[in-house]
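Report on the structure given below.
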Amino acid sequence: MPEAASQMLELTLSYGPSKPARQWLQDNPAQAIAGLIPVAAGCNRLSEAAIAFLHLMNRKGYEAYIRQCLSDQHPDIATKVQKLVLDFSGPLPLDAESTPTWWWQAFDQHATSKKIKSPTWLHPLELPPILLGKHCLNPQQVVDLLIALKQSTLTAPHPVITALKTQAHPSSLDHFAWRLFEIWLSEGALPKENWAMIAVGLLGNDPSVLKLAPLIREMPGEGHHQRAVLGLECLRTIGTDTALMQINAIAQKVKYKGLKQKTEDCIAAIAQARHLSREQLEDRIVPDCGFDQQGTRVFDYGSRQFHVVFGGEMQPMVRDGDGKLKNNLPKPKANDDAALTEPAIAEWKLLKQQIQIVIKTQRDRLERAMLAQRRWQFKEFSSHLVYHPLMTNLAQRLVWGVYDASERFITFRVTEDLTYADVHDQMLAINEDLEVGIVHSAQLSQELRNTWGELFSDYELIQPFRQLSRTIFSLEPEEVESQVIKRFQGIEVQAMILSAILEKTGWHYTIHPNNQLHYHCKAFPFANVTAVMEHPSGIHLGYDSGAVKLNTCFFLSGLYPNIDWQQQNSLVLNHVDPVVVSEVLRNLGAIAAKGE
């Protein structure tokens, strides 16, 4: 039976009902302890959970039995678990003398005659300690906090929660809230107990944000739309740059329309409250991930320091005192300061996870900015891209243009010392009254693309997305004076594939009363043009829609949906912006490649 303990523990870590597994661990403490000691000696998420479980058993009075089990283990395992569990000097629980006065005052402020019971589905000792200096909340205070959470909403927290946010160690609050949320999920996530999820919004921080956001994306597909909406509000309440960035990312990519609309409304409300456009808000909610104004971050072991640098693919690495690059922080040595190494390693793990998400999100955002031909005022470009601790690493890998009022531009790059250089690598003085944008390859001559490509190669700069190497799609000779693109006409493609590709690349459709669509449209505001792909015979919406034949594509002046739908008013193709032409042909070519 001890061998079942690791499987049971793993089930408790899943984000679904796992009450039987938790119950088994509670009902079989001896077998659970014996089975999880070897697991605790590992180096993964399950090992961390096993250590937490053994700490819980130690607090519940099983120290002697843990020691007995350790005597039967391999010396290496016994030594490691002894150090992590039994020799661990945890914080002292608060008593009557050490409890701060603000704790009592918070409850005096929120006195109520209504009797509120503590939840029966968890034990206070199952939750990680909340740290206040060298002390932690005692079990009765944890019960009082749980009751306070039951009385709270995201907009009206109990006074003790407000006080804890300023007095307690932030990471301990985050660990507490997330474990409470996990237990609630394992117990079936009853809606009447959703205060356990609200706790993440009230007490959580970036580590919880990074774990909650992917769950929110999937909740509607599992039949939990309202839970997803509550999760969204939790992110908004946490309110860090990472949390707001995740809300924006959900709005961009979530496939469930109800949740997508909620996130769009949320982002719009935040932008309006700050008197910003959506794009300006996105510039301002990029987290710095602990990097300073010079774009550096150091992990200190006491006897050794490690500087964070970015590899060619923007993966975080560390450089030691000898200049050697490492993919991870090294293991501590005997002369390192244990008080520094343990938090450093924990912060490094969080940083790697955070950086991966931030870089991907911002890489995609900058590519969208290139495709939309977004322009930044120079001051905003400088503040939010060049001098941002993280964004500068992306900005230095792109070719930028400084544009005058007639859209004529000069290309430049951001150098390592945060100055500007032209294609000949000469320092460039930029007129700060002009606007800046990311240059699309269709705007560059072949010679200019080649020269920039060689320069980036010399500096070993890998671009975050295809800019200089982006394939340019051009009109064929017979299309130049035409008003319609016909080159894909007649190719047969599954309707679901066609719709999926077009939706992913930003096309919209109009549904007719017969539940069929006859047009897909994509607006290009920078060119004041809308591309129209027509389906004369209509596409039936449904999973059994079968195959359709591609037809023509044309361009209309104005923006969808306020355009003149008459094809005879379409633009001569040679008069359409080359960036628009290239990107539309790219989309249509991707669909045609799936043709039968």
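The values are calculated or read from the model by the stated rules, or taken from the named source; none is laboratory data. These numbers were taken from a predicted model, which means no experiment stands behind them. A quick note on method: Cβ atoms are made from the backbone with ideal geometry, for glycine too, and the neighbour counts reach across all protein chains shown. The protein model used for the area step is the full one, side chains on, heavy atoms only, and it has no ligands, DNA or RNA in it. Shrake-Rupley method; radii C 1.70, N 1.55, O 1.52, S 1.80 Å.
Give me Rg/Rg_expected for segment 200-288, where Rg uses Cα atoms only and Rg_expected = 2.2 N^0.38 Å with N residues.
Numbers: Rg = 12.1 Å, N = 89, 2.2 N^0.38 = 12.1 Å.
In units of the globular-protein estimate, segment 200-288 measures up at 1.00.
With viscosity set to 1.306 mPa s at 10 °C, what whole-number translational diffusion coefficient in µm²/s follows for segment 367-469 from Stokes-Einstein and a Kirkwood radius over Cα pairs?
On the way: Rh = 13.7 Å.
Once the numbers are plugged in, D ends up at 116 µm²/s.
Just tell me the longest site-free run in the chain, where the sites are trypsin sites (Lys or Arg not before Pro) in a DSSP loop having at most 15 other beta-carbon atoms within 10 Å.
Values: sites that count: Lys60, Lys114, Lys115, Lys117, Lys134, Lys255, Arg274, Lys324, Lys333, Arg408, Arg466, Lys486, Lys594.
Longest run free of exposed loop sites: 135-254.
Probe radius 1.4 Å, ligands and nucleic acids left out: which of Asp95, Asp283 has the largest accessible area, and how do the rest follow? Display every interim value, and only then the final one.
Numbers: Asp95 85, Asp283 5 Å².
Heavy-atom accessible area, descending, gives Asp95, Asp283.
With charges only on Cβ, +1 for K and R and -1 for D and E, what is the dipole size of segment 211-339 about its Cα centre, in debye, rounded to 20? Walk me through the numbers before you get to the answer.
Working: 19 positive and 17 negative charges, 82 e Å.
Charge dipole of segment 211-339: 400 debye, to the nearest 20.
How much space per residue, in cubic angstrom, does the convex hull of the C-alpha atoms of segment 296-417 take up? Walk me through the numbers on the way to the answer.
Numbers: hull volume 14.0 nm³, N = 122.
Looking at segment 296-417, the number lands at 115 Å³ per residue.
How are the Cα pair distances of segment 398-532 distributed, in percent, across 10 Å bins from 0?
Pair shares across the bins are 9, 28, 28, 21, 11, 2, 0.
How much length is gained if the chain between Ala547 and Leu325 is pulled fully straight, taking 0.36 nm per residue apart and subtracting their Cα-Cα distance, in nm to one decimal? Could the numbers behind the result be given before it?
Numbers: separation 222, 0.36 × 222 = 79.92 nm, distance 5.28 nm.
Result: 74.6 nm gained on full extension.
How large is the convex hull of the C-alpha atoms of segment 85-191 per residue, in Å³? Spell out each step's value before the answer.
Working: hull volume 13.3 nm³, N = 107.
Measuring per residue, one finds 124 Å³ for the Cα hull of segment 85-191.
Thr79 accessible area, nearest 10 Å², 1.4 Å probe?
90
First check a/c for segment 477-539, with a ≥ b ≥ c the square roots of the eigenvalues of its C-alpha gyration tensor; if it is under 1.5, answer rounded, and if not, answer prolate when a/b is larger than b/c or oblate otherwise. Walk me through the numbers before you get to the answer.
On the way: a/c = 1.74, a/b = 1.27, b/c = 1.37.
Oblate is the answer for segment 477-539, as a/c is 1.5 or above yet b/c matches or exceeds a/b.
Could you list the GluC sites (Glu not before Pro) in segment 8-111 that lie in coil according to DSSP, counting only those with at most 16 other Cβ atoms within 10 Å of their Cβ?
On the way: sites: Glu10, Glu48, Glu63, Glu97; in loops: Glu97.
Those satisfying the criteria are Glu97.
With a sphere of radius 14 Å drawn around the Cβ of Leu212, what net charge do the other residues whose Cβ falls strictly inside it have (Lys, Arg +1; Asp, Glu -1)?
On the way: positive: Arg179, Lys211, Arg217, Arg227, Arg236; negative: Asp174, Glu182, Asp206, Glu218, Glu233.
That sum, taken over residues with Cβ under 14 Å, equals 0.
Whole number in Å², please: accessible area per residue of the chain, 1.4 Å probe, ligands, DNA and RNA not counted.
On the way: 29420 Å² over 596 residues.
I get 49 Å² per residue for this part.
Quick one: with all protein chains in place, what share of the accessible area of segment 1-156 is carbon or sulfur, to the nearest percent (1.4 Å probe)?
56
At a Cα cut-off below 25 Å, give the lysines reachable from Lys594, other chains included and same-chain residues fewer than 8 away excluded.
Hits, sequence-local ones excluded: Lys253, Lys255, Lys486, Lys504, Lys522, Lys549.
Hey, of [x] 3, 13, 20, 22, 18, 13, 8, 2, 0; [y] 3, 15, 26, 29, 18, 7, 2, 0, 0; [z] 3, 16, 25, 23, 16, 9, 5, 2, 0, 0, which did the structure itself give for P(r) over Cα pairs in 10 Å bins from 0, in percent when calculated?
Among [x] 3, 13, 20, 22, 18, 13, 8, 2, 0; [y] 3, 15, 26, 29, 18, 7, 2, 0, 0; [z] 3, 16, 25, 23, 16, 9, 5, 2, 0, 0, the one calculated here is [x].
Treat each spin label as a single point 7 Å out from the Cα along the C-beta direction, and report the Glu478 to Thr505 distance in nm.
Inter-label distance under the simple model: 2.2 nm.
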